[in-house]
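Asks: Here it is, the structure in full.
The values are calculated or read from the model by the stated rules, or taken from the named source; none is laboratory data. Computed from a prediction, not measured in an experiment: that's the story for all the values here. Here the Cβ is made from the backbone with ideal geometry for all residues, glycine too, and neighbour counts use every protein chain on show. Keep in mind that these areas ignore ligands, DNA and RNA; they rest on the heavy atoms of the full protein, side chains included. Shrake-Rupley method; radii C 1.70, N 1.55, O 1.52, S 1.80 Å.
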Amino acid sequence: MERDKALKIVEKQLTEHRYIHTIGVMETAIHLAEKYGENLKKTELSAIFHDYAKFRPKDVMKQIIIEQKFSPLLLEYNSELWHAPVGAFLVEKEVGISDADILNAIKFHTSGRSHMSLLEKIIYVADYIEPGRHFPGVEEVRELAEESLDKALIKSLQNSIMFLLKKNQAVYPDTISTYNWLVLEGG
Ligand code: DGI
Ligand code: FE
Ligand code: FE
Ligand code: FE
């Protein structure tokens, strides 16, 4: 699918703010794909559609998680996690994208997972460092991403986990697994 067509489809699903974020993720992800040797077309489509389900009603997302037999654990954790697996499902069903690499990059863009692919890492990191992100520590991860994608990924996971701990929030097991995998096996 061409970029302009994909952007038109996703624009209808998002707020203006989230659409601008999506463009930022797309440009950042393509830069990382050029640098680390990923397929540019798959990267472009993964980035464009990564937040496709961000604004679906919670009850609709919950129903899809139950019907599609996604991890029931999702329902016990922050509902912010739901748009990633639900997005992968809806992008296949509604947009007609069937490439498993793209769908997995969407599915795991919020939590990560152990043994995640290069494309999954690129989308995770691009989502974290795109130019519209302005939280403490983001500049350090931007610099790390120019040196090592895995170092950038570890730092963004550390930051995210510490952020959740400080807010007394639960950390989703896949997030911890991703961090442990990178630290123990070096990606
Ligand atoms: O959709 P975006 O805002 O672009 O970014 P995202 O898909 O990475 O979602 C971030 C949200 O998900 C943020 O509100 C924190 C939440 N989140 C991410 N990882 C975890 C998490 N919440 C819990 N409880 N546990 C996690 O491991
Ligand atoms: Fe997201
Ligand atoms: Fe993220
Ligand atoms: Fe995002």
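Asks: Please state which of the following conditions residue 153 fails to meet, knowing it meets all the rest: (1) surrounded by 20 or more Cβ atoms within 10 Å (Cβ to Cβ); (2) away from ligand 3 (no atom under 16 Å from the Cβ).
Replies: (2)
Asks: Just to be sure before I move on: is residue 41 open to solvent by 40 Å² or more (accessible area, probe 1.4 Å), within 16 Å of ligand 1 (Cβ to nearest atom) and either within 18 Å of the chain's Cα centre (by Cα) or under 24 Å from residue 148 (Cβ atoms) (or both) in the structure I sent?
Replies: no
Asks: Counting just the residues of the range 165-187 that are touching a Ser or Thr at 6+ places or on another chain (Cβ under 8 Å) and within 20 Å of residue 123 (Cβ to Cβ), which one comes out surrounded by the most Cβ atoms within 10 Å (Cβ to Cβ)?
Replies: Top of the filtered list is 178.
Asks: Restricting attention to the range 113-132, which residues are in contact (Cβ under 8 Å) with a residue 24 or more places away in the chain and either more than 13 Å from ligand 1 (Cβ to nearest atom) or open to solvent by 60 Å² or more (accessible area, probe 1.4 Å) (or both)?
Replies: Passing the criteria: 113, 114, 115, 116, 118, 119, 121, 122, 131.
Asks: Determine whether residue 135 is within 12 Å of the chain's Cα centre (by Cα) and not charged (D, E, K, R).
Replies: no
Asks: Just the residues that are open to solvent by less than 10 Å² (accessible area, probe 1.4 Å) and touching a residue at least 60 places away in the same chain (Cβ under 8 Å), please, taken from the range 133-148.
Replies: 145 - this is the single residue of the range 133-148 that is open to solvent by less than 10 Å² (accessible area, probe 1.4 Å) and touching a residue at least 60 places away in the same chain (Cβ under 8 Å).
Asks: Further question on the same structure: Would you check which residues across the range 101-145 are part of a loop (DSSP other than H, G, I, E, B) and within 18 Å of residue 7 (Cβ to Cβ) and list them?
Replies: 109, 130, 131, 132, listed by residue number.
Asks: What are the pairs with Cβ atoms under 9 angstrom where one residue, in the range 153-172, is closer than 13 Å to residue 140 by Cβ and in contact (Cβ under 8 Å) with a residue 12 or more places away in the chain and the other, located anywhere, is within 16 Å of ligand 2 (Cβ to nearest atom) and open to solvent by 50 Å² or more (accessible area, probe 1.4 Å)? Sequence gap at least six, or different chains.
Replies: Sorted first by the residue in the range 153-172, then by its partner, the pairs are 159/135.
Asks: Right, something else. Criterion first (within 12 Å of ligand 3 (Cβ to nearest atom) and of a type in the set (Phe, Trp, Tyr)) does residue 108 satisfy it?
Replies: When the stated conditions are applied, residue 108 passes them.
Asks: Taking the criterion of being within 16 Å of ligand 1 (Cβ to nearest atom), in a helix (DSSP H, G or I) and open to solvent by 20 Å² or more (accessible area, probe 1.4 Å), would at least one residue in the range 89-100 satisfy it?
Replies: Scanning the range 89-100, I find at least one residue that is within 16 Å of ligand 1 (Cβ to nearest atom), in a helix (DSSP H, G or I) and open to solvent by 20 Å² or more (accessible area, probe 1.4 Å), so the answer is yes.
Asks: Please work out which one of (1) more than 15 Å from the chain's Cα centre (by Cα); (2) farther than 25 Å from residue 143 by Cβ; (3) open to solvent by 80 Å² or more (accessible area, probe 1.4 Å) is the condition residue 35 fails and give its number.
Replies: (2)
Asks: Using beta carbons and a limit of 8 Å, which pairs, at least six apart or on different chains, have the first residue in the range 42-62 and in contact (Cβ under 8 Å) with a residue 40 or more places away in the chain and the second one open to solvent by 60 Å² or more (accessible area, probe 1.4 Å) and more than 13 Å from ligand 1 (Cβ to nearest atom)?
Replies: 42/101; 44/3; 45/1; 46/101; 48/3
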